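These notes are about the structure you will find just below.
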Amino acid sequence: MALPKYDQIAADLRGQIVRGDLKPGDVLPSERELTERWKVARATVVRAIQVLRQEELVETRQGVGTLVRERLPLARTAGERYRTARATGFIYTAGEHADILSAEMVPAPEDVATALGVAAGDQVARRHRVTREGETATAASFSWFTAEVAGAAPRLLQAERVREGTTRYVEMQTGRTPHTGRDWWTARLATADELRILELEGPQAVGEVRHIAYDADGLPLAYEVGVVPAGRWSRTEEYPMGN
């Protein structure tokens with residue numbers, strides 16, 4: 001069964017945006033052009049544009065027309081940050097930085113103990129940070145390390161930025177190279193503290209990712225829990241669909 005005309009028009013424009021044929025700031029064809037091209041009534045074109053507007057792909061400006069919206073930069077995963085650090089020596093890209101809110105030894109909560117392979121209540125190192133793109137908060141995270149790792153990597157307990165990233169720093173201090181990473185993604189409502197730190201108005205959904213980096217022996221090097229505002233994270237998978 002064929003899609004309604006307005007859906008066909010929206011799908012065609014959406015495809016051009018996703019492929020990059022229409023880039024952020026580009027003006028879409030006018031309603032008259034689309035009406036003539038698709039041989040439909042103006043109301044059909046208006047409805048197609050409304051679909052794209054609801055998907056936050058376009059916006060309409062008085063005297064200009066309908067433009068492709070600027071997309072918010074996506075927060076990067078711990079694995080992506082580590083790869084950047086190995087390649088460049090710096091964990092953050094231009095315009096990006098972190099504010100370190102705390103760095104201290106604390107008793108391990110149950111989930112942290114399980115992730116790091118220690119007993120609940122054992123002393124572990126915890127770093128709390130908020131990542132910013134310019135002045136805008138894009139993510140908040142806690143990173144956790146065993147007391148053994150913290151002893152070999154003392155900067156983990158300093159409330160200062162580690163420009164090469166904590167995982168890369170731990171690798172250089174201990175000689176243990178990250179071999180495997182495992183991430184778990186969930187979506188939930190932000191807590192009151194997260195709303196405050198990320199400068200959001202609640203209630204609001206956030207993406208949460210839990211990350212463990214393992215060395216070549218399968219032992220955990222680091223455990224991180226990151227929280228990202230809705231609209232700043234995306235999960236993409238590629239998989240076979242044939243026999």
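Quick note: the coordinates plus some simple rules give every number you see, no bench work behind them. Nothing here was measured: the structure is a model prediction, and the numbers come from that model. Using ideal geometry, Cβ is built from the backbone for each residue, glycine included, and neighbour counts are taken over all protein chains shown.
Could you give the alpha-carbon Rg of the chain over 2.2 N^0.38 Å, rounded to two decimals? Please report the intermediate quantities before stating the final value.
Working: Rg = 22.8 Å, N = 243, 2.2 N^0.38 = 17.7 Å.
With N residues counted in the chain, Rg over 2.2 N^0.38 Å equals 1.29.
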Among Pro229, Pro178, Pro29: highest mean-square fluctuation, GNM of the chain, C-alpha pairs under 10 Å: Pro29
Using a basic spin-label model with each label point 7 Å from the Cα along Cα→Cβ, how many nm lie between Ala192 and Val64? 4.0 nm
What net charge do the residues around Ala159 carry, taking every other residue with its C-beta under 15 Å from that of Ala159, with Lys and Arg at +1 and Asp and Glu at -1? +3
From the phi angles alone, apply the Karplus equation (6.51, -1.76, 1.60; θ = phi - 60°) to the range 192-207 and give each ³J(HN,Hα) in whole Hz, x where the residue is Gly or Pro. 4, 5, 5, 4, 5, 5, 8, 6, 10, 9, x, x, 8, 7, 9, x
Which Cα, out of Leu22, Ala230, Pro203, lies furthest along the positive dipole direction of the chain (beta carbon charges, K/R +1, D/E -1)? Leu22
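Looking at the chain, identify the longest residue range that excludes and avoids all GluC sites (Glu not before Pro) in DSSP loops having at most 10 other Cβ atoms within 10 Å.
Working: sites that count: Glu70, Glu135, Glu160, Glu201, Glu237, Glu238.
By the stated rule (loop sites, at most 10 other Cβ atoms within 10 Å), 1-69.
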